[in-house]
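All remarks here apply to the structure that follows.
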Amino acid sequence: MPWQSVLYGPPIENPKGRVASFPNAPLVRLCGCAGFGLAALATFKAAQSLLGLSPEFLDAKWGPREVMVVGVAVLASSMGGLIGAGIGLQVSVKNRTLTRFLIIVWHFLANGQLVCFVLLWLVLEQDRRILGLTELLHALGLFAAASSVAGLILFSAGQFKENEQPHPLVWIVVTVPITVWVGMQYQGMFHWQRGVAIVFGAIAGLGTLFVSARLIQRDYQQMTEMRDIVKRL
């Protein structure tokens, strides 16, 4: 068959095991993240049961057993992440509403954790405080959950649509109160002053919004380019 017919002929159905016609990058990332986390959690739980470790063993001084468990967990979670991403890559997502949902949820989840981690490091560095791994994961998980809720609310309100003018005021009104609430939870966890907790939450919310808004538009552009490529196949 000449190459011209491949470029301009009708779309070819994907054989079993081939990459989906419309792979969704945020879905691949979410599946990879889920696979990574589940594999790590399963490894730690298995280590606790088999080696008789306490639930707080990650926060204690590490010996040879703890180092071995962490090393195995890194390998297992890496494999879990790759398997999860591979599963997500096989799913074809053509619905634009579902695509918008996945893009928003992923970026608010991932960027919220990143922004929170950087700000926590800056603030706690000033206090010369070192967090235990369990405490850090709890803090990041709380912020990730809260920022994801903000993303879901903005999705439900019809925000972040493709080729639509931005509405920064709406984004701020929805997101910042939620992240300030997280800052108030950190006040008790880290013994911060009230003002520090409020400023932390506000800056974290604005940072999450700024980073997410830019990357959401980048994903839309990349998906548009991908659709154009698929249409030419």
Quiz item: Can you pull out the residues in region 102-114 that are open to solvent by 10 Å² or more (accessible area, probe 1.4 Å) and either small (Gly, Ala, Ser) or not in a helix (DSSP H, G or I) (or both)?
Solution: Ala110
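This table checks each residue for (1) outside any helix (DSSP H, G or I); (2) in contact with a helix residue (DSSP H, G or I) (Cβ under 9 Å, 6 or more places away or on another chain); (3) crowded, with 16+ Cβ neighbours inside 10 Å; (4) in contact (Cβ under 8 Å) with a residue 40 or more places away in the chain.
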position	(1), (2), (3), (4)
Cys116	no, yes, yes, yes
Leu122	no, no, no, no
Leu136	no, yes, yes, no
Leu140	no, yes, yes, no
Phe143	no, yes, yes, yes
Glu162	yes, yes, no, yes
Pro166	yes, yes, no, yes
Val173	no, no, no, no
Exercise. Kindly indicate whether any position in region 86-101 is modelled with pLDDT of 80 or more, surrounded by 14 or more Cβ atoms within 10 Å (Cβ to Cβ) and of a type in the set (Phe, Trp, Tyr).
Key: yes
Self-check item: Val74, sole failed condition from (1) open to solvent by 60 Å² or more (accessible area, probe 1.4 Å); (2) at pLDDT below 85; (3) under 17 Å from Thr134 (Cα atoms); (4) not polar (S, T, N, Q)
Solution: (2)
Quiz item: How about region 207-222: which of its residues are farther than 18 Å from Leu142 by Cβ, touching a residue at least 24 places away in the same chain (Cβ under 8 Å) and surrounded by fewer than 20 Cβ atoms within 10 Å (Cβ to Cβ)?
Solution: Val211, Ala213, Leu215, Tyr220, Gln222
Practice problem: Search region 145-160 for residues being open to solvent by less than 30 Å² (accessible area, probe 1.4 Å) and part of a helix (DSSP H, G or I), and hand back the single one that is farthest from Gln222 (Cα to Cα). | Solution: Ala146
Quiz item: Among the residues of region 46-63 satisfying the criterion of being part of a helix (DSSP H, G or I), open to solvent by 40 Å² or more (accessible area, probe 1.4 Å) and farther than 18 Å from Gly132 by Cα, which is modelled with the highest pLDDT?
Solution: Ala46
Self-check item: Candidates Val170, Val149, filtered to the one that is within 21 Å of the chain's Cα centre (by Cα) and of a type in the set (Val, Ile, Thr)
Solution: Val149
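The values are calculated or read from the model by the stated rules, or taken from the named source; none is laboratory data. Quantities reported herein were computed from a predicted structural model and do not represent experimental measurements. Please note: Cβ atoms are built from the backbone with ideal geometry, for glycine as well, and neighbour counts cover all protein chains shown. Ligands, DNA and RNA are excluded from the accessible area calculation, which covers all protein heavy atoms including side chains. Shrake-Rupley method; radii C 1.70, N 1.55, O 1.52, S 1.80 Å.
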